[in-house]
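I have placed the structure first, in the form of structure tokens, so that the comments after it can refer back to it.
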Amino acid sequence: MTSQEALALIRIFLKAPDDATLMKEVNLNLPRIDGTFFTVLNQSVEQLRREGKPQIAQALEHLGDTILRMRTLI
């Protein structure tokens, strides 16, 4: 996965209107999620914190934790 692909995937996840849709998107894309994805995700969290958007950063961090747990269950 490239950094651009990771950003596109993060945007898809953030646009999910509800938890059910989000989990569906995560499940569909789980095989593609790799180290690059998590690197970009963590960089995005830090950038959002620097920009004074802690709620979005926290939501994104929670999403990353959820995905990581799902990946380790495979």
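In degrees between 0 and 90, to the nearest 10, how far off the longest principal axis of the chain does helix 35-50 point, with axes built from Cα atoms? Result, in degrees: 30. The fraction of accessible area contributed by carbon and sulfur in region 25-74 is 53 percent, rounded to a whole number (1.4 Å probe; ligands and nucleic acids excluded).
What is the magnitude of the charge dipole of the chain about its Cα centre, with +1 placed on the Cβ of each Lys and Arg, -1 on the Cβ of each Asp and Glu, and no other charges, expressed in debye to the nearest 20? Can you show the working numbers first?
Values: 9 positive and 9 negative charges, 10 e Å.
So the dipole magnitude of the chain works out to roughly 40 debye.
Take the chain with all the other protein chains still there, run a 1.4 Å probe, and you get 66 Å² of accessible area per residue.
Relative contact order, percent, of the chain when contacts are C-alpha pairs under 8 Å separated by at least 6 residues?
Values: 44 pairs, mean separation 24.4, N = 74.
Answer for the chain is 33 percent.
Based on DSSP H runs of at least 4 residues, each adding -39500 (n - 2.57), what is the mean residue ellipticity at 222 nm of the chain after dividing by all its residues, to the nearest 500 deg cm²/dmol? Please report the intermediate quantities before stating the final value.
Details: 4 runs with 60 residues, N = 74.
The per-residue figure over the chain is -26500 deg cm²/dmol.
Kindly provide log₁₀ I(q)/I(0) values, in the same order as q = 0.13, 0.18, 0.21 Å⁻¹, from the Debye equation applied to equal alpha-carbon scatterers of the chain. Debye output, listed in q order: -0.34, -0.67, -0.92.
The values are calculated or read from the model by the stated rules, or taken from the named source; none is laboratory data. These figures come from a predicted structure and were not determined experimentally. Virtual Cβ from ideal backbone geometry, glycine too; neighbours counted across all protein chains shown. When the accessible area is computed, the model is the full protein with side chains, heavy atoms only, and any ligands, DNA or RNA have been set aside. Shrake-Rupley method; radii C 1.70, N 1.55, O 1.52, S 1.80 Å.
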